[in-house]
Amino acid sequence: MATDAIIQVRDLVKSFDDQTVLDGVTLDVFEGETMVIMGGSGSGKSTLLRLMIGSLKPDSGNVTLLGKRLDKIDEEGLNEVRKKFGILFQSGALFNSMTIAENVALPLQEHTEIDHHIIEIQVKIKLELVGLREHADKYPSQISGGMKKRAGLARALSLDPKVLFYDEPSAGLDPVTSAEIDQLMMDLSKKLGVTSVVVTHEMDSAFTIADRMAMLDKGRMLMIDNRQAYKKLRDFPDDQIDSLDEREQTIRQFLRGDPEGPITQRRAATNYAEDLLGGSTWESGVGPCVEPTRIA
């Protein structure tokens, strides 16, 4: 693994309305590694991904991708950076009116001046990498969910990117297909030497593919470390759990999927009775939105 960070995230803050989704997140991704970003629903991992690819702008902090600070370049410069990375969207995001081959060819047609005969060869190479060359003339509606993910990955590879971003690559797949996608991701990393950033909450997948792992919780980065460090926490003995601090116990609960721990205790800490009977709406003098039609 190279020592140079190909992606640098510094003190990233992002809010929507009055909700802070990311609160001072810092992260380095090194060239050639597979970084898995994980966390529960609403932890901020998808927002972090969108900031890393430049589709959102941070409230403060910055992202440097492939040597370019995304907040310091204009839209034209950002588009040039985007040609150097690929994205596998959660749904595959294929164009239903195009064949698999046409989907893969599209980035080459739009962003290069390569002769169409060369494009055809490139498409076959990319489809062969993901095991779909024989399905090139099929439409997305004619293939399975796992094949759609592989087709989306072939399209993400079409411009020979230096970085691949994966948004929940195992979502909606059966265990066997999910394992096939994991194996494909690892094979591509070895063969092509690309840097991979994977957003997921699937723990089996995370522990299979990751070189390093980063865990978000309520918009804050809890831990960035190698896979072995996370395995040590996951397998920490039950009878010694009191020796872990709250942060470590939170990570352990998430990794194991335990029903009891700091995460569930935090949710249960909300005073239901106070919330139910507090009556903030009534106290403000605002009445019901529907006038009664029956007079007592």
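The values are calculated or read from the model by the stated rules, or taken from the named source; none is laboratory data. Note that the structure is a prediction, hence the values are computed from the model and not measured. Reconstructed Cβ throughout: ideal geometry from the backbone, glycine too, with neighbour counts over all protein chains shown.
Among the listed residues LEU65, LEU88, which satisfies the condition of being at pLDDT 90 or above, closer than 24 Å to LEU22 by Cα and surrounded by 14 or more Cβ atoms within 10 Å (Cβ to Cβ)? Working first, answer last.
Numbers: LEU88 fails: at pLDDT 90 or above.
Only one candidate passes the filter, namely LEU65.
Test LEU108 against the stated conditions and say whether it is under 26 Å from SER205 (Cβ atoms) and either free of Cβ contacts under 8 Å to residues at least 12 places away in the same chain or surrounded by 18 or more Cβ atoms within 10 Å (Cβ to Cβ) (or both).
On the way: under 26 Å from SER205 (Cβ atoms): no; either free of Cβ contacts under 8 Å to residues at least 12 places away in the same chain or surrounded by 18 or more Cβ atoms within 10 Å (Cβ to Cβ) (or both): yes.
Answer is no for this residue.
Considering only region 91-131, state which residues are assigned to a loop (DSSP other than H, G, I, E, B), closer than 19 Å to GLY146 by Cβ and at pLDDT below 90.
SER91, GLY92, ALA93, LEU94, PHE95, ASN96, VAL130, GLY131
With (1) closer than 28 Å to GLN142 by Cα; (2) touching a helix residue (DSSP H, G or I) at 6+ places or on another chain (Cβ under 8 Å) as the list, and HIS111 as the residue in question, which single condition is left unmet?
All conditions are met except number (2).
Restricting to region 17-53, count the residues that are over 19 Å from MET185 (Cβ atoms) and surrounded by fewer than 20 Cβ atoms within 10 Å (Cβ to Cβ).
Residues that pass the stated criteria total 12.
Can you report the number of residues in region 112-134 which are touching a residue at least 12 places away in the same chain (Cβ under 8 Å) and either crowded, with 18+ Cβ neighbours inside 10 Å or farther than 23 Å from LYS191 by Cβ (or both)? Break it down stepwise before answering.
So the first thing to find is which residues in region 112-134 are touching a residue at least 12 places away in the same chain (Cβ under 8 Å), and the list is 112, 119-120, 122-124, 126-127, 129-132.
Now restrict to residues that are either crowded, with 18+ Cβ neighbours inside 10 Å or farther than 23 Å from LYS191 by Cβ (or both): 119, 122-123, 126-127, 129-130, 132.
Going through region 112-134 one residue at a time, the tally reaches 8.
Among the residues in region 231-252, are any touching a residue at least 60 places away in the same chain (Cβ under 8 Å) and either of a type outside the set (Val, Ile, Thr) or surrounded by 14 or more Cβ atoms within 10 Å (Cβ to Cβ) (or both)?
No, because not a single residue in region 231-252 is touching a residue at least 60 places away in the same chain (Cβ under 8 Å) and either of a type outside the set (Val, Ile, Thr) or surrounded by 14 or more Cβ atoms within 10 Å (Cβ to Cβ) (or both).
What's the total number of residues in region 167-185 that are in contact with a Gly (Cβ under 7 Å, 6 or more places away or on another chain), surrounded by fewer than 20 Cβ atoms within 10 Å (Cβ to Cβ) and not in a loop (DSSP other than H, G, I, E, B)?
2
Output the number of the condition that ALA154 fails; it satisfies all remaining conditions of (1) touching an Asp or Glu at 6+ places or on another chain (Cβ under 8 Å); (2) assigned to a helix (DSSP H, G or I).
The single condition ALA154 does not satisfy is (1).
Please state which of the following conditions HIS201 fails to meet, knowing it meets all the rest: (1) in contact (Cβ under 8 Å) with a residue 40 or more places away in the chain; (2) surrounded by fewer than 20 Cβ atoms within 10 Å (Cβ to Cβ); (3) over 30 Å from ASP18 (Cα atoms).
Tallying (1) in contact (Cβ under 8 Å) with a residue 40 or more places away in the chain; (2) surrounded by fewer than 20 Cβ atoms within 10 Å (Cβ to Cβ); (3) over 30 Å from ASP18 (Cα atoms), HIS201 fails exactly one: (3).
Residues of region 149-166 being buried (at least 21 other Cβ atoms within 10 Å of the Cβ) and over 13 Å from LYS126 (Cα atoms), which ones? If you could, list the steps in order and put the result at the bottom.
Pass one, region 149-166, residues buried (at least 21 other Cβ atoms within 10 Å of the Cβ): 149-158, 163-166.
Hits for region 149-166 are LYS149, VAL163, LEU164, PHE165, TYR166.
Would you call ASP137 within 17 Å of the chain's Cα centre (by Cα), charged (D, E, K, R) and either farther than 22 Å from ASN96 by Cα or surrounded by fewer than 18 Cβ atoms within 10 Å (Cβ to Cβ) (or both)? Explain how you work it out, then say what you get.
Details: within 17 Å of the chain's Cα centre (by Cα): no; charged (D, E, K, R): yes; either farther than 22 Å from ASN96 by Cα or surrounded by fewer than 18 Cβ atoms within 10 Å (Cβ to Cβ) (or both): yes.
So ASP137 does not fit the description; no.
For ALA229, only one of the following conditions fails: (1) in contact with a strand residue (DSSP E or B) (Cβ under 9 Å, 6 or more places away or on another chain); (2) within 24 Å of LEU132 (Cα to Cα). What is its number?
(2)
Output the residue which, of all residues in region 169-184 that are of a type outside the set (Gly, Ala, Ser) and touching a Lys or Arg at 6+ places or on another chain (Cβ under 9 Å), is farthest from LEU127 (Cα to Cα). Show your work before the answer.
At the first step, the residues of region 169-184 found to be of a type outside the set (Gly, Ala, Ser) are 169, 173-177, 180-184.
Still in the list and also touching a Lys or Arg at 6+ places or on another chain (Cβ under 9 Å): 169, 173, 177, 180-181, 184.
On the way: PRO169: 18, LEU173: 20, THR177: 17, GLU180: 15, ILE181: 14, LEU184: 12 Å.
Restricting to residues being of a type outside the set (Gly, Ala, Ser) and touching a Lys or Arg at 6+ places or on another chain (Cβ under 9 Å), the top hit is LEU173.
Do you know which residues across region 30-47 are modelled with pLDDT under 95 and closer than 15 Å to MET223 by Cα?
Within region 30-47, MET38, GLY39, GLY40, SER43, GLY44, LYS45 meet the criteria.
What number of residues within region 206-230 are free of Cβ contacts under 8 Å to residues at least 40 places away in the same chain, of a type outside the set (Phe, Trp, Tyr), more than 11 Å from ILE251 (Cα to Cα) and crowded, with 16+ Cβ neighbours inside 10 Å?
The qualifying residues number 2.
Among the numbered criteria (1) farther than 19 Å from ALA101 by Cβ; (2) without any contact (Cβ under 8 Å) to a residue 40 or more places away in the chain; (3) of a type in the set (Ser, Thr, Tyr), which one does SER144 miss?
(1)
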